[in-house]
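Heads up, the thing below is written out as structure tokens.
The values are calculated or read from the model by the stated rules, or taken from the named source; none is laboratory data. On a predicted model such as this, the values are computed, not experimentally measured, just so you know. Cβ placement follows ideal geometry from the backbone for every residue including glycine, while neighbour counts extend to all protein chains displayed. Ligands, DNA and RNA are stripped out before the accessible areas are found, and what is left, the full protein with its side chains, is counted by its heavy atoms. Shrake-Rupley method; radii C 1.70, N 1.55, O 1.52, S 1.80 Å.
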Amino acid sequence: MNMIEETKVKTLDIKVKNKYELVIGLEVHAQLLTNSKMYTADSTTFGNLPNTNISVITLGHPGTLPKVNKRAVEFAIKMGLACDSEITRKNIFARKNYFYPDLPKGYQLTQDKNPICVGGQVPIVLSSGEKKSIALTRIHMEEDAGKSIHLAGEVDTLVDFNRAGVPLIEIVSEPDMRSSEEAYQFLTEIKKLVKYLDVCDGNMEEGSLRCDANVSIRLRGEDELGKKVEVKNMNSFRNVARAIEHEFERQVLLSESNTEIISETRTFDATSGTTASMRTKEDLNDYRYFPEPDLSPVIVSEEWLKTIQDNLPPLPRELFEKFVLEYGLPEYDAGVLSDNKEIALFFEALCHLTTNYKAASNWVMGPVKSYLNELTLHIDDFPISITSLASLIQLIDAGKVSYSAAAQKIYPAMLLDPKKDALEIATELNLIQESSEDSLKPIVESVLKENSQKVLEYKSGKKGLMGMFMGQVMKKSNGKADPKVATKILTEILDN
Amino acid sequence: MKLDTNTLKKIAHLARLEFDEESAGKMTQDMTQILNWVEKLNELNTDGVEPLTTMSSEVNVMREDVVGTHLDHEKGLKNAPQRDSDYFRVPKVLE
């Protein structure tokens, strides 16, 4: 069945495809960066020996009682505030019952009827420049399952419970996305947000950020939603986009051949770029949720909420707006600079010391970022202080050094010896530009004198010779002449 | 209220329970009894009454995010029906 479906995909006509609208909702699980688990004090450290971050609670032994991790609740609230969600004041936990070897209790401790965050939105920007806001249904708190390991040639499945009970938030979007690009951008924004808020490391390849996609199609103009297919097992943003594209085509083909689209769970295979049904039998998706009697309600007081709100870092979209509106930067610059919180804050600090915001942006996006990328360093490890970088920008603005001298000579020297300030290095390297007219004039005059023939040619119309004169002036001044001043003197003499 | 066979089968499946014809009959009886007993509660008017979720009236019983003592690895694996030196072993769940 699947084989036939997959081969047909290749023959889908674009006109046929355009008859349909793609509808996507995403469910994103983010592993929270807490030290201990959601309901027990076991460590959440990744990579420890199997079954060492365990306790009787994690293993689901009878008679044990869970206790909520306060910081995990705060992290969930932070995410909700950042997404303009409404924060639920009275939180009750729920049991989601199902059997699986990586779930020792036989139920997952999660939230059902009253998730901690209700509603909200995530603004995205598409490559066309179009802006769109993706509505959230909810964000709720829950715990991760253990890890099942299926080794080839092994008769058993091996289970490691180190991950069981690690706190998660599940971010559920409304079916608001209409293309794989929108889904990709939504995920990008979610990742940026969790990293800004320091609630999750956002690493999809390592599984700290996971995404399931609910994909359906309908004829354009139709109001009713089609049967949704849940796609799992995508380990990168790109694969989420690929899985959605494939699902779109598969469902259109089914619809075109009048075959019913079944509401089911499918798994994505990254090698073939296709999806396959995960369950052959009809799915008994009955989790029999009921309120968790072992956990008392978590009440979010006005005071607690305010403390969290007050400690919220600036959000990427706030910084983006500030960079554009207040610093007058192009949207491109603002996007690059606000993409990463640490870079954005570095740039912000730099802008407190210089008012040449565009120059600051160019320095951070160019030389600073390329140095960090080259050595795969974090901005915290950047050797040059913000003050020194600001004084280098100041030197250029004041005409004391040329940009090229600053970028090619002074900046590398500062990286090697960060204690010295820009002016000190410029002086040592003899790079201070001669910008006083009095000292440059004799140099210009002697150059023109040595090239009297060329001066005549210039005066008879060969204006292109200006570059040659400049070169000579630079050479005679050992590269220290301020080009602006030198040009001014040259023009004055030659054009009179 | 009488529990029908299909509901019984569904609940048994979800709870991973198996029983023969005879036990199924007995189970249907028992569960019908339980349902009838619980049904009695429905006679009460609970309009505007918040559902009771915990027996204690305490709220905000939370832990600070601090790592505590772990269960010893050996002790943790001790009661496993099947194990090796590192892992719990269960019948293969994926083909």
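Applying the Karplus relation 6.51 cos²θ - 1.76 cosθ + 1.60 with θ = phi - 60° to region A:211-221 yields 3J(HN,Hα) values of 9, 10, 10, 9, 10, 9, 10, 8, 5, 4, x Hz, where x marks Gly and Pro.
Using every pair of distinct Cα positions in chain A, the Kirkwood expression returns a hydrodynamic radius of 27.4 angstrom.
Only aspartates and glutamates eight or more places from residue A:449 in sequence, or on another chain, were considered; those with a Cα closer than 17 Å are A:457, A:492, A:495. Would you mind checking the pairs A:358/A:454; A:409/A:441; A:105/A:341; A:37/A:132; A:369/A:409; A:147/B:26 and listing those with alpha carbons more than 29 angstrom apart? In this structure, A:358/A:454; A:105/A:341; A:37/A:132; A:147/B:26 exceed 29 Å between Cα atoms. Angle of helix A:180-196 to the longest C-alpha principal axis of chain A, folded into 0 to 90 degrees and rounded to 10: 80°. Applying both filters, DSSP loop and at most 13 other Cβ atoms within 10 Å, to the chymotrypsin sites (Phe, Trp or Tyr not before Pro) of chain B gives B:19. Rounded to the nearest 0.05, what FRET efficiency do residue B:69 and residue A:121 give with R0 = 41 Å and r taken as the Cβ-Cβ distance? Could you check? Once the sixth-power term is evaluated, E becomes 0.45. Loop-resident GluC sites (Glu not before Pro) (DSSP state other than H, G, I, E or B) in region A:211-282 with no more than 13 further Cβ atoms inside 10 Å of their Cβ: A:222, A:224, A:260, A:282. Within a straight-line Cα-Cα reach of under 16 Å, residue B:40 can be paired with the following lysines, leaving aside sequence neighbours fewer than 8 residues apart in one chain: B:2.
Placing A:173, A:133 in order of accessible area, with the largest value first and a 1.4 Å probe, yields A:133, A:173.
Taking amide H as placed 1.01 Å from N in the peptide plane, residue A:429 has no amide H partner under 5 Å among residues 5 or more places away or on another chain. Note that region A:367-380 has calculated 3J(HN,Hα) couplings of x, 5, 5, 5, 4, 5, 5, 4, 9, 6, 9, 8, 4, 4 Hz, one per residue in order, obtained from phi through the Karplus relation 6.51 cos²θ - 1.76 cosθ + 1.60 (θ = phi - 60°); glycine and proline are x. If you add up the charges near residue A:107, with Lys and Arg at +1 and Asp and Glu at -1, over every other residue whose beta carbon is less than 15 angstrom from its beta carbon, what do you get? The answer is -3. Taking Cα atoms only, the orientation of helix A:316-325 departs from the longest principal axis of chain A by about 30 degrees. Comparing B:85, B:57, B:23 in a Gaussian network model of chain B, where Cα atoms under 10 Å apart are tied by springs, the biggest mean-square fluctuation is seen for B:85. When a/c reaches 1.5 or more, the comparison of a/b and b/c decides; with that in mind, is region A:140-284 rounded, prolate or oblate per its Cα gyration tensor? The shape class here is oblate.
Rounded to the nearest whole Hz, the Karplus-based 3J(HN,Hα) values (6.51 cos²θ - 1.76 cosθ + 1.60, θ = phi - 60°) of region A:241-250 follow the sequence 5, 4, 4, 5, 4, 5, 4, 4, 5, 4, with x at glycine and proline. Distant-in-sequence amide contacts of residue A:117, defined by a placed amide H-H separation under 5 Å and a gap of 5 or more residues or a different chain, comprise A:88, A:139. Looking at region B:1-55, the trypsin sites (Lys or Arg not before Pro) that sit in a DSSP loop and have at most 14 other Cβ atoms within 10 Å of their own Cβ are B:2, B:16. Computed as a quarter of the hull surface, the mean projected area of the alpha carbon convex hull for chain B stands at 12.8 nm². Interface burial in region A:32-77 reaches 50 Å² or more for A:41, A:50, A:51, A:54, A:67, A:70, comparing the full protein assembly with the chain by itself; accessible area from heavy atoms with a 1.4 Å probe. Taking amide hydrogens as placed 1.01 Å from N in the peptide plane, the amide H of residue A:42 sits under 5 Å from those of A:37, B:68, each at least 5 positions away in sequence or on another chain. Shape analysis of region A:302-391 places it in the prolate category; the axes a ≥ b ≥ c from the Cα gyration tensor give an a/c of at least 1.5, with a/b above b/c.
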